[in-house]
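This report refers to the structure that appears directly beneath it.
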Amino acid sequence: MKPPPERVLTVAAERLERLGLGSPAMAADLTRIADVLRVLAREWDAAAASRLEAITELEDLIDRGHQMLPALADGHGNETGTRSADLRATDLRIAALDRRLDNLRATVIVLEAALEGCDFPGAARLLDELRGWELGDARRRTVMDRSW
Amino acid sequence: MTSHYEVDSKTEFVLRVRGYLRDRLAAEDLRLQRAEPIVGGASREMWSVTACWTEARGRPTERKLILRLDPPSSLLESGRHTEFALYRALSSVAGVPVPAVLFNEDDPSILGMPFFVMQHVNGVTQPSELFTDEFAGRRQHLVREVFRTLGRIAALDWNDLSLADHIREPGGHPASIELDRWERVLDDHDLGPFPITRSTIRQLRRELPPHPPRLSVIHGDYRVGNVLITPEGISAVLDWELAHLGDPLEDLAWAIAPNWRLSQSPELIAGTLEEAAAIEAWQAASELRVDGAALRWWQLFSHVKAMGIWTAGAAEFVRGCSDNLVYGLFGWRNFGREESWMMQRRGLGAL
């Protein structure tokens with residue numbers, strides 16, 4: 001069995017911190033590098049799955065928005081590209097998933113601005129759901145909490 | 001790109017500093033007893049040096065100086081001239097202590113980047129440093145004094161400060177101008193779409209606060225971390241590079257923002273003072289009354305401004321213009337947290 005990357009990264013972080021001698025500037029740098037390794041160790045396993053989950057949720061919300069405001073779908077229909085259900089292996093690289101999520105977030109900005117000035121039935125509810133998703137997304141992106 | 005405190009460049013840098021100070025202070029035997037980079041301060045590199053030399057009448061002299069450098073890549077556009085001018089202008093103002101400044105140099109060939117030199121001032125800046133025996137029994141008073149000092153800044157008559165070349169009256173509604181400014185920073189350092197920040201900007205634009213009763217000098221980054229504190233009181237207000245004229249509530253909202261609080265006591269400013277007590281101290285010193293709705297607007301704005309600052313730093317790192325890991329970590333630590341605070345302030349969710 002290969003050493004699990006999480007374990008390797010965690011040990012590397014601990015070793016680095018034990019090196020934290022020398023000037024305050026060097027010690028601060030070492031602490032930061034150890035922080036980076038710890039975050040990578042924690043995020044490693046779920047990195048693709050959590051992004052894919054976010055993409056699927058957001059695609060559903062955007063679909064509902066575009067059904068409500070078809071003019072927006074005409075203008076931005078191709079931004080999200082292939083549906084998450086049809087992704088190929090290369091689409092599952094973290095950078096590709098992040099690009100896809102960013103495209104969806106850009107679509108959300110346009111959709112929300114339109115929904116804010118819209119009194120269609122269901123618009124306020126969809127806006128609430130989008131904001132609920134965004135809050136979850138903000139928490140998900142905060143991979144280092146306040147104690148770091 | 002390497003940082004200037006890395007070992008291979010340190011010797012060369014220190015030699016240049018010594019040569020420069022020797023010339024400017026006309027001190028032929030000047031030597032540097034100590035030269036160390038200061039840890040902290042994400043937007044600038046700073047060095048603390050102790051220079052020793054013999055004065056004309058044979059008197060040995062020792063001075064602790066601070067060099068504040070514009071790195072090739074900085075978190076924010078350099079406001080070095082503004083900062084230098086503010087230090088000069090405030091040096092004679094009672095109740096707003098600042099370090100004495102000596103020289104301001106634009107020529108990057110001297111030290112590899114433009115810089116200015118100021119006098120070292122004693123004190124601590126980090127809230128956690130207030131929890132030592134030295135400050136026991138004084139913390140409440142000192143943190144309140146931080147807000148009284150900010151109130152005195154708000155009360156200054158900027159016309160008396162001869163700063164016309166550096167800070168000008170905003171040509172419109174101060175809140176609208178600042179919102180435009182920080183939205184531009186976000187646009188200019190595009191790191192991807194931020195739906196929460198963009199909808200917050202739209203809301204702020206719809207709900208602008210009233211025009212302030214008077215324009216004040218705004219520090220732009222006033223908080224406990226940018227004030228030097230000793231057990232005796234506030235010894236200096238630092239980091240004026242974002243100074244401008246505007247609504248005094250801008251500084252107050254920024255100073256009480258959750259960003260600068262200790263994680264173990266997020267309800268207190270510097271782990272010490274209730275928000276209401278801070279506002280009261282500010283009101284007493286500024287002789288201004290806080291409009292609650294306007295303050296809430298500026299508090300929400302503060303998170304947009306912070307996003308602008310984090311984004312500018314992170315963009316430098318992403319583009320390879322900086323290898324400062326602090327900038328690199330903004331995306332992992334600050335973006336989501338800042339947007340969660342925006343949602344919380346808008347009543348749309350809690351962190």
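Tell me, rounded to the nearest percent, the portion of alpha carbon pairs in region B:43-152 spaced more than 16 Å apart.
So the pairs more than 16 Å apart make up 70 percent of the total in region B:43-152.
By the rule of a C-alpha distance below 29 Å, with chain neighbours fewer than 8 residues away ignored, the lysines paired with B:K64 are B:K10. FRET efficiency for B:Q203 and B:E129, Cβ-Cβ distance as r, R0 = 35 Å, nearest 0.05? Approximately 0.40, to the nearest 0.05. Rounded to 0.05, the FRET efficiency of the A:W44 and B:A276 pair, given R0 = 60 Å and the Cβ-Cβ distance, is 0.85. Modelled spin-label separation between B:E267 and A:M1, with each label point placed 7 Å from Cα along the Cα-to-Cβ direction: 4.6 nm. Seen from all sides and averaged, what is the projected area of the convex hull of the Cα atoms in region B:226-329, in nm²? Taking a quarter of the hull surface, the average projection is 8.4 nm². A simple packing score, the average count of other Cβ atoms within 10 Å per residue, orders the peptides B:304-314, B:52-62 as B:304-314, B:52-62, with the highest score first. Look at A:I62, B:I38, B:I234 and count the other Cβ atoms within 10 Å of each Cβ; fewest to most, that gives B:I38, B:I234, A:I62.
Can you run the Rg to Rh ratio on region A:80-122? Use alpha carbon positions and the Kirkwood inverse-distance Rh. Result for region A:80-122 is an Rg/Rh of 1.16. Highest GNM mean-square fluctuation, chain A, Cα pairs closer than 10 Å: which of A:D63, A:D29, A:D102? Its mean-square fluctuation being the largest, the pick is A:D29.
Basic side chains Lys and Arg get +1 at the Cβ, acidic Asp and Glu get -1 at the Cβ, and with that the dipole of region B:7-119 about its Cα centre reaches some 440 debye. Extension gain, B:H120 to B:R18, is 35.1 nm, computed as 0.36 nm per intervening residue step minus the present C-alpha separation.
Rounded to the nearest Hz, the phi-derived 3J(HN,Hα) couplings of region A:33-49 under the Karplus curve 6.51 cos²θ - 1.76 cosθ + 1.60 (θ = phi - 60°) are 5, 4, 4, 4, 5, 5, 5, 4, 4, 6, 8, 3, 5, 9, 4, 6, 4, where x marks glycine and proline. With one equal scatterer per alpha carbon and no solvent term, the Debye-computed log10 I(q)/I(0) for chain B at 0.07, 0.08, 0.15 1/Å reads -0.31, -0.41, -1.43.
When the P(r) of the protein assembly as shown is calculated, the portion above 38 Å amounts to 33% of the C-alpha pairs.
Working note: Debye formula, equal point scatterers on the alpha-carbon atoms of region A:15-63, no solvent; log10 I(q)/I(0) at q = 0.15, 0.16, 0.33 Å⁻¹ is -0.56, -0.59, -1.07.
Across region B:7-119, the mean sequence separation of Cα contacts (distance under 8 Å, 6 or more residues apart), normalised by length, yields a relative contact order of 20 percent.
Please identify the DSSP H helices in chain B that span no less than 30 Å along the helix axis (Cα) and have a mean Kyte-Doolittle hydropathy of -1.0 or more.
B:292-318
Computed over every Cα-Cα pair of chain A and binned at 5 Å starting from 0, the pair-distance distribution P(r) comes out as 2, 8, 15, 15, 14, 12, 10, 8, 6, 5, 3, 1, 0 percent.
The angle between the Cα long axis of helix A:5-18 and the main principal axis of chain A comes to about 50°, on a 0 to 90 degree scale.
Bear in mind these aren't lab numbers, they're just calculated from the coordinates by the rules spelled out. Nothing here was measured: the structure is a model prediction, and the numbers come from that model. Every residue, glycine among them, receives a Cβ derived from its backbone with ideal geometry; neighbour counts consider all protein chains shown.
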